[in-house]
Amino acid sequence: MGMEDYRRLLADNERWVAERLGEDPDYFTRLKGTHNPSYVWIGCSDSRVPAETITGCQPGDLFVHRNVANQVVHTDLNMLTVVFYAVEELRARHIIVCGHYGCGGVKAAMSGQDFGLINRWLQNIKDCAERHQDELAALPDEEARSRRLIELNVIEQVDHLAKTSVVQRAWKQEGRPWLHGWVYDMRTGRLKELVLRTAADLPHPVHRFDLDGP
Ligand SMILES: [Zn+2]
């Protein structure tokens, strides 16, 4: 394929529009009128883990944030904006953090390779590995350690969400959102639930906020 292959995307868009309008002439008018997604998706940027496709979701269903290795980093204004807007304005009921086995970001973090600027991002995963070093060291091989670190990374990001004031306030006032940690297996196409945190699962007291409200 030459450089012009990108035109395929535009042609497929035309085809997709025609299909939608064929099924429902008001499809785009209706979508434009409302933005009410029930689910927030924080996933990896990996092209093989397309949030909508693997969950059968349609436009309007998912509010999506993706980055390398599905990180919830407290200083990431991009992620925080997504979570704040989703919880405060869109009244989201579920936030799903989804990792995937074979994640290149986690593999890179497990290696000693110097990736320059990217080291800063991967350090979050290295810290996670260090916190769980005993459990990881007990596993039989690198593949098993990689899979487990991918799971532990997801669980840790879910816990990071629980440490935000925006989630704690919504928990206190409305008992939402539920925080989900999932992992996707590219070999089978299946999602697996790892963890579910609700308003009953406040983090360690040092991470709790004094919040007004009922
Ligand atoms: Zn990944």
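The values are calculated or read from the model by the stated rules, or taken from the named source; none is laboratory data. As the structure is a computational prediction, the values presented were derived from the model and not from experiment. Counting neighbours? That spans all protein chains shown, and the Cβs are built from the backbone with ideal geometry, glycine included. Note: areas computed on protein heavy atoms with side chains; ligands, DNA, RNA excluded. Shrake-Rupley method; radii C 1.70, N 1.55, O 1.52, S 1.80 Å.
Here are the numbers for the structure shown:
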item	result
Dipole of the chain, positive direction: furthest Cα of S165, V83, C44, with charges on the beta-carbon	S165
With DNA, RNA and ligands ignored, accessible area of Y39 (1.4 Å probe; Å², nearest 10)	90
The chain, helix-only ellipticity at 222 nm - DSSP H runs n ≥ 4, -39,500 (n - 2.57), divided by all residues, nearest 500	-13000 deg cm²/dmol
Accessible heavy-atom area order of D210, D26, D134, highest first, probe of 1.4 Å	D210, D134, D26
Overall form of the range 1-97 per C-alpha gyration tensor (a/c, 1.5; a/b vs b/c)	oblate
Global geometry of the range 66-214, whether rounded, prolate or oblate, following the gyration tensor of its Cα atoms and the 1.5 cut on a/c	prolate
Distance in nm between pseudo-label sites at E14 and R169 (7 Å out along the Cβ direction from Cα)	4.8
Protein-only accessible surface order, largest first, of S38, S47, S146 at 1.4 Å	S47, S38, S146
Rounded to the nearest 10 Å², the accessible area of L77 at probe 1.4 Å	130
Cβ-based net charge around V195, under 11 Å, with every Lys or Arg adding one and every Asp or Glu removing one	-3
Simple label model, 7 Å out from Cα along Cβ direction - R30 to E88, nm	3.2
For the chain, size of Cβ-based charge dipole, Lys and Arg +1, Asp and Glu -1, in debye	180
Area of W121 that stays accessible when all protein chains are in place (1.4 Å probe, Å², to 10)	70
Relative contact order %, the range 1-112, counting alpha carbon pairs below 8 Å whose residues are six or more apart	29
Loop-resident sites, the range 83-140, for trypsin sites (Lys or Arg not before Pro), counting at most 15 other Cβ within 10 Å (DSSP)	R91
Partners for K126 among lysines (Cα-Cα distance below 28 Å; same-chain residues under 8 apart left out)	K107, K163, K192
Prolate/oblate/rounded call for the range 152-214, Cα gyration tensor, a/c under 1.5 rounded	prolate
Length-normalised contact order of the range 127-188 in % [C-alpha pairs under 8 Å, at least 6 apart]	28
